[in-house]
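Each value in this text was obtained by applying a stated rule to the coordinates, not by laboratory testing. This structure is a prediction, so every number in the text was calculated from the model and none was measured. For neighbour counting, all protein chains shown are included, and Cβ atoms are generated from backbone atoms with ideal geometry for every residue, glycine included.
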Amino acid sequence: MKKITLLIIITSFLMSCKQEQKIDFNTVSSNFKEYSNKIKKVEYNIQRIDTFSRGSMVWNNKGYALIEKKNEDEIYGFSFYGKRNDIDEEYLYDNDNGFEILRNEKKYAIEHPRGIIGSPGGQMILQHIFYLDSVYKNVELIENDDKYILRYQFENDTVFNVTDILKTIELTKDNYFPTKVTISSKTLGNKGFTQYILSDIKINSDVKKSIKSIKESIIDFEVIQPEIDEPNAILNKKFPEINLPNLLDENQIVNLEINKLTLIDFWEVWCGWCIKSFPEVEKLKNKYPEKLQVIGILTQDKESAIKLIEKKKTTFTNLIGNKKLLENYSVNSYPRYFLIDKKGIVRKEYFGFSENIEKDIKLLLSE
């Protein structure tokens, strides 16, 4: 009798412990953060289904995505490559630059970095893949055999008249990675719905592709220059003062003085046409050594840039620019050149290298 009583007590205790170990939302959230912090890059296949607020149209698209975490990125917090299966174009975002790649034509165009997430490739990107929502009305946790399901409810958006905002996230139990995300809401009473279903997920060392390798694969592609709606606001104005580090010696800050005709060359390592134009830019520097100042400016991949200019035996000065500088001069495609007269006035802008640069140099030197 005592043995039976003891067995009942032990069984009750073990069952009690098991109940106490039942996981809650805070634990799931904490574990998700722990695993997410370890992720550096991820790739997956995806199916995205969208129904719109009036329910008259349904999109059902499949594709592929590669995401590399980049905490210093101010727009998304990561770089990405995305491709939808039903179109030929590929889309890439890295270092504040968006690319639309036409691989069959060996061309690419520069896209606005904030708009590229809405491109066909950008639609394959699950933006909140590395974090869970922290602002919500309430959240419910459901535990299944192999996954945790988080059901969020959010406050109504009174500005845009969006109500009944719900999000469901399914996380695997082994690494807390999201495999399905469903978002629904009503706009002016009409329901809309978006669902992401991820498969063939690979993380960190299992990922064989990289953003860098994809950028290197397009280095010889032709750049599709943007259509110009209106002249750059910097034209016919004083060129702003520049104080930038020298690429070859970052401790040396170059205070760029415009006291003679100056050609500014904005370029990047991944831009094949920039590199192909180096010899032509170098020729101009050597042809007008006393009358023309040539300055190159880049913002990315400094180590590769140094190796490149050494290989090309480039002698004109190169400086390390920044995002603010590019914004000031409206530089969003490469290569980009500015010709500045000896009074510091921006006289010409060029989208890609052309013979017109030297023609304009001769014209300004004759004034």
Open item on the list: I want to verify the translational diffusion coefficient of the stretch 24-217 in µm²/s; compute it with Stokes-Einstein, Rh as the Kirkwood radius over Cα pairs, at 20 °C and 1.002 mPa s.
Closed with: 120 µm²/s
Task: Nearby aspartates and glutamates by direct alpha-carbon distance to residue 40 (threshold 18 angstrom, same-chain neighbours under 8 apart not counted) - done: 68, 72, 73, 74, 94, 174, 200, 206
Task: Environment charge of residue 163, counting only residues whose C-beta is closer than 15 Å and scoring Lys/Arg +1, Asp/Glu -1 - done: +1
TODO: Rounded to the nearest 500, what is the 222 nm mean residue ellipticity of the chain from helices alone, with -39500 (n - 2.57) per DSSP H run of 4+ residues and division by all residues?
DONE: -7000 deg cm²/dmol
Task: Leading residue at positive end of dipole, the chain (Cβ point charges), from 142, 248, 363 - done: 142
Task: Charge dipole (debye, nearest 20) of the stretch 24-217; +1 at Cβ of Lys and Arg, -1 at Cβ of Asp and Glu - done: 280 debye
Open item on the list: Among (1) 137; (2) 180; (3) 204, only one was calculated for this model; which label is it, if the read-out is volume of the Cα convex hull per residue in Å³?
Closed with: (3)
- [ ] Anything over 32 Å Cα to Cα? Flag those among 276/342; 83/324; 238/285, in the order listed.
- [x] none
- [ ] Compute the distribution of all C-alpha to C-alpha distances in the stretch 61-136, in bins of 5 Å from 0, and list the percent of pairs in each, rounded to whole numbers.
- [x] 3, 16, 28, 24, 16, 8, 3, 1, 0, 0
Open item on the list: Just to confirm the number: angle between the C-alpha axis of helix 25-38 and the first principal axis of the chain, 0 to 90 degrees, nearest 10?
Closed with: 40 degrees
- [ ] Once you have the Cα-Cα distance between residue 317 and residue 356, take 0.36 nm times their residue separation minus that, and quote the gain in nm to one decimal.
- [x] 11.8 nm
Task: Descending principal axes extents, the stretch 201-300, alpha-carbon based, whole Å - done: 57, 39, 28
- [ ] Taking the Cα centre of the chain as origin, work out the dipole magnitude from +1 charges on Lys and Arg Cβ and -1 charges on Asp and Glu Cβ, in debye rounded to 20.
- [x] 580 debye
Task: All aspartates and glutamates inside 12 Å of residue 362 as judged from Cα atoms, apart from same-chain residues fewer than 8 positions distant - done: 341
